[in-house]
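Some notes on the structure that comes next.
The values are calculated or read from the model by the stated rules, or taken from the named source; none is laboratory data. Quick caveat: nothing in here was measured; it's all calculated off a predicted structure. Every residue, glycine as well, gets a Cβ built from its backbone with ideal geometry; the counts of neighbours run over all protein chains shown. In case anyone asks, the SASA skips ligands and DNA or RNA and just uses the protein heavy atoms, side chains included. Shrake-Rupley method; radii C 1.70, N 1.55, O 1.52, S 1.80 Å.
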Amino acid sequence: MPTDNRCGVLFDVDGTLVDTTYLHTVSWWEALRQADHRVPMARIHRAIGMGSDKLLDHLLGPERDRSADGRLRDEHDARYAGYWQRLVPLPRAVELLRACAARGLRVVLASSAAEHEMAALRAALDADDVIDTVTSSADARHSKPAPDILVAALEQSGLSAGRVVFVGDSVWDVAAAGQLDIPCIGLTCGGTSRAELAGAGAVAVYDDPGALLDALGESAIAALG
């Protein structure tokens, strides 16, 4: 339940604030190939942003034998972990977080990454002093495009759906926000096109966090309050 009338911005993290989309793509490609699943990288990339359960359903089919799913996830996680020390924020992502906080908005990382992955992402951002709330996969029963992680972010931050904007980089982010009637700003820096994000329902689309920062005063974020 909301605890006050403050407004906030919910941010996806992977591919929105930190440059990880293609690292996840390669990690899944290698994990799947290890298990003799030959899935083109382009198909994998289009599924990034879903939870791993829905991603594997999407890529391998919902009727498959799921007994190997845990092994596939572990293989992906092990390969992705090899990049953790090299993770970098996307252009001016940290400045965007600080600019939102300077406006008196709560900054919420609404991520469904695992807790150990979130530690690496937060280290890359180095902006904990302006981050109000952080979620992880442990907070959501169902992964995107289900809205569970956004519901958890609202509950933990004390914000209401009518007083926030969500910023994400995938059509799955836009779909999740749409189920709660939360305006979603799309960023193309995760590799999803402007047309795809707009077609999914994004209220506006920018190239990256820096482009959103430059337009912040005229954006949906400026209308909060």
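Against the empirical curve 2.2 N^0.38 Å, the C-alpha radius of gyration of the chain lands at a ratio of 0.97.
Cα centroids of region 116-136 and region 170-192: 20 Å apart. Of all beta bridges that DSSP places with both ends in the chain, some 5 percent have antiparallel geometry.
Candidates 159, 176, 93 compared by Cα position along the dipole of the chain: farthest toward the positive end lies 176, with charges placed on Cβ. Per residue, the chain exposes an accessible area of 44 Å² to a 1.4 Å probe, with every protein chain left in place.
Estimated from helices alone, the mean residue ellipticity of the chain at 222 nm is -12000 deg cm²/dmol (sum of -39500 (n - 2.57) over DSSP H runs with n ≥ 4, per residue).
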